[in-house]
Every structure is written in structure tokens, then in C-alpha cells.
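The values are calculated or read from the model by the stated rules, or taken from the named source; none is laboratory data. What you are looking at is a predicted structure, and each value in this text was computed from that prediction instead of being measured. Positions of Cβ are backbone-derived with ideal geometry, glycine not excepted, and every protein chain shown enters the neighbour counts.
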Amino acid sequence: MKTVPSRPYLLLTPGPLTTSDGVKEAMLKDWCTWDEDYNQLVQDLRCRLLSLLNGDMSRYTTVLMQGSGTFVVESVVGSMMPENGKLLVLANGAYGDRIATIARTLRIETIVQRAHDVEIPDLTLFEQALSRDRSITHVAAVHVETTTGILNPVAAIAKIAKRHNKLLLIDSMSGLGGIDMDISGMDIDYVVSSANKCIQGVPGFGFAIVKKDELAKCEGRARSHSLDLYDQWIQMEKGKGKWRFTSPTHVVRAFYQALLELEKEGGIPARETRYRNNCRIVREGMERLGFKPVIPEQYQSIIITSFYPPQHPAYHFPRFYQELKKRGFVIYPGKLTEAETFRIGHIGDIYEDDMHQFIRAVEESMYWTN
Ligand SMILES: *Cc1c(COP(=O)(O)O)cnc(C)c1O
């Protein structure tokens, strides 16, 4: 008899997020990490992922890497930068800052163009920085800054970076799979994401969609043995789906199931529509109840929305959080340092009805006098 774990509550968080029963069920089998069946599944997964994301098979490849999303960012940063490279990071939140921290920890020369958390990067400044400092070799930017849910203008950033012949890394951790992105059309060199965000798998590994001819130049550049992206790629190619070191087999199996479910849903356009709808219901419902969104509507992504609390003496976040949890919803505390905010994710195996129910739960949970 199979037992499928139930859902004690829905995770309205940006990963780990609520997964389907099918995804959870896929983990109920043990898979050998060296076996041919498993390796074939890995190869199939790499192909399907690239094709779902509209990656050009002749120019791009998929490399999987153990660890959470940050490990993959670190793997790419540490493997792509040549010894004398210089990285410009466009940051407007914690994840942009983290890319810079990773690069500096690896002793990579790094400059940061930091915008305020609620603003998108200043593209004029960006262009000026590239014109002024010819020693910059690479640019890194974040697609959806999950800190706030702000959507950064990736296409415009890519255009400028490419006009100046810079290599470009996009952290699309919380965007890829949920927002259509023309990776090859924008000529992005490295895109990073992870299993437990919009593809709706469980945490345990991440992946990079990479231009093959660029990755081929990265031999020997890695600053870490276990996070060597080039070597992982070569071994996956040579071993036809074999990972260097133990792979998270159950997580990979769950991810494969999640990919099939994404295809069945109608691919990224259908998923994007569902997330957009979730986002709209939450934003409208919360505004009606007196919660003000942090990000202006024109920059708001469909992935996650940050809200300011209502100015009311009977509102206390810890109580609000607990009451929501009792009613079956877990939300995400804010990450902004300057203001008390919280976040509500719109991604995962969650639907319109869940969102309406959530708004009713918020109405019941927001004010407590005892
Ligand atoms: C989730 C996320 C990451 C990675 O976070 P992990 O906790 O390491 O998985 C990186 N960048 C962005 C934009 C994210 O949303």
C-alpha cells in the first residue's frame, strides 16, 4: 500500500513550495545513483528541461548540480570567471547582494551597482559603468528579486551587456519555469535556477542552462573542486547522465515527475497564466483588507508579493502568522531590513480556489485583541 503524505498546510512561500501528490509519490522508490535506468532519466530530464525553457539545443546545455540554489550560483560564478576577470553585479535585494558576497569570498574582483530594494537597476548608470570600466568581463543580475518580488528588466539588461560584449549570468531562481524567458533570443550565457521553485519539485539540487562554447572555456577555472561546473558537465556528458559524486536520486525523480506535470499543464505559458491569476487574487484581496503592496504595480512580478502590515493596534504579525497556519496557510516573513513586511508566494501546486480561501483566512486572522 502506498501512503501519500497529506498537506498539513499550503506553503505560500517561494520555495520550498507546495508540491503535487504525484511529485511526492515519485520519491517513494529507491534509485541507484550509478544505474543505467537512472542515468537515462537524468539525460532525458536535461533535454526536456532545455526544450521546455525554449533553449536552443545546439548552443545550450543543462548542467545539474547538488545543493540548494545558492550552491549553483556559487558553482557558476566560481567556474565562469577567469583569473583576471571582473564581475559587475546589479543588485536590488538580498539575492543580488549574495552573488557579490559569493564572488568576493572566491577572491573575484567585484563591483556592485546597488539600487534600492523597491527600485529596478538604473540602466543608464549600468551602461555608463560598462563604458567607463573596460576591465569588466562579466555581468550578473537577478531576474525576480525574491526579497521583494520585484521583476527586473532582464531583456534590457541583456541588451546592454551584449552591446558591450560582456558575458552575462542571470539568477532566475524564482522566475524560470514560471515566467517565459527567451534565453537564446536574449543571448544570455548562464541562467541559474533550482528544483524547488517554479518547476515545482522538492529541494536538493539546482541547474544551470549554459552556452556550450562558453562553458568549454572554463576548464580549470573553478575555485572549488566539488562545485566545478565544467567538470560536472564533462562527466555528465561522458557518463551519459552520471553525476560526479552522489546525486540526490529521490529529488531528481521527483523533479522529473514535476517536469511531466508542467508539460501536462500546458508548459510555461499555462503555468504563467495560473501564477498571474493567483497573484491578482491575492493582491486585490489583500488591498481590499488594507494591506499595501511594497512594490509598485508596474514592477511587480507574478511570483511573490510583499505587503506592509495594516496600521491597526489589533494587528500583530506573530499572531497573524499562527492564525493563518491554523487555517492551513504558511506565509513568509519579510526580508527587508528597513520595514516590517511579509511576503505571499503565488507559485507551487496552488490554484484559484486556494487563493480565495486564503483571502478569507486572512480576513479572519488579521486582528486580535486578546
Ligand atoms: C531561492 C533563491 C536563491 C537560492 O536560494 P537557496 O536558499 O540557496 O535555494 C537564489 N536567488 C534567488 C533569486 C532565489 O529566489
* Do we find that G220 is in the same structural domain as A141 (by TED's automatic domain parsing), within 16 Å of the ligand (Cβ to nearest atom) and over 26 Å from A156 (Cα atoms) in this structure? -> no
* Counting only residues that are more than 18 Å from E109 (Cβ to Cβ) and touching a helix residue (DSSP H, G or I) at 6+ places or on another chain (Cβ under 8 Å), how many does segment 68-95 have? -> 2
* For N39, state whether it is part of a loop (DSSP other than H, G, I, E, B) and of a type outside the set (F, W, Y). => no
* Asked: Could you say which residue among T147, T110, T124 is assigned to a loop (DSSP other than H, G, I, E, B) and either within 15 Å of the chain's Cα centre (by Cα) or without any contact (Cβ under 8 Å) to a residue 40 or more places away in the chain (or both)?
  -> T147
* Structure fact -> Scanning segment 180-193 residue by residue, those in contact with a Lys or Arg (Cβ under 9 Å, 6 or more places away or on another chain) and assigned to a strand (DSSP E or B) turn out to be Y190
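The rows are residues; the columns are (1) assigned to a loop (DSSP other than H, G, I, E, B); (2) farther than 16 Å from P14 by Cβ.
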{"site": "M286", "(1), (2)": "no, yes"}
{"site": "E323", "(1), (2)": "no, yes"}
{"site": "I344", "(1), (2)": "no, no"}
{"site": "D349", "(1), (2)": "yes, no"}
{"site": "A361", "(1), (2)": "no, yes"}
* **segment 87-100 residues that are of a type in the set (S, T, N, Q), paired with ones that are near the ligand (Cβ under 10 Å from one of its atoms) and part of a strand (DSSP E or B) (beta carbon under 9 Å, 6 or more apart)** => N92/V142; N92/E145
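So is V192 β-branched (V, I, T), buried (at least 20 other Cβ atoms within 10 Å of the Cβ) and touching a His at 6+ places or on another chain (Cβ under 8 Å) or not? Walk me through it before giving the result.
Working: β-branched (V, I, T): yes; buried (at least 20 other Cβ atoms within 10 Å of the Cβ): yes; touching a His at 6+ places or on another chain (Cβ under 8 Å): no.
So V192 does not fit the description; no.
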* Could you tell me whether any residue of segment 161-172 is within 15 Å of the ligand (Cβ to nearest atom), modelled with pLDDT of 95 or more, buried (at least 24 other Cβ atoms within 10 Å of the Cβ) and of a type in the set (D, E)? => yes
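Which of the residues spanning segment 66-80 are surrounded by fewer than 24 Cβ atoms within 10 Å (Cβ to Cβ), part of a helix (DSSP H, G or I) and either within 9 Å of the ligand (Cβ to nearest atom) or of a type in the set (D, E) (or both)?
Selection gives T70, F71.
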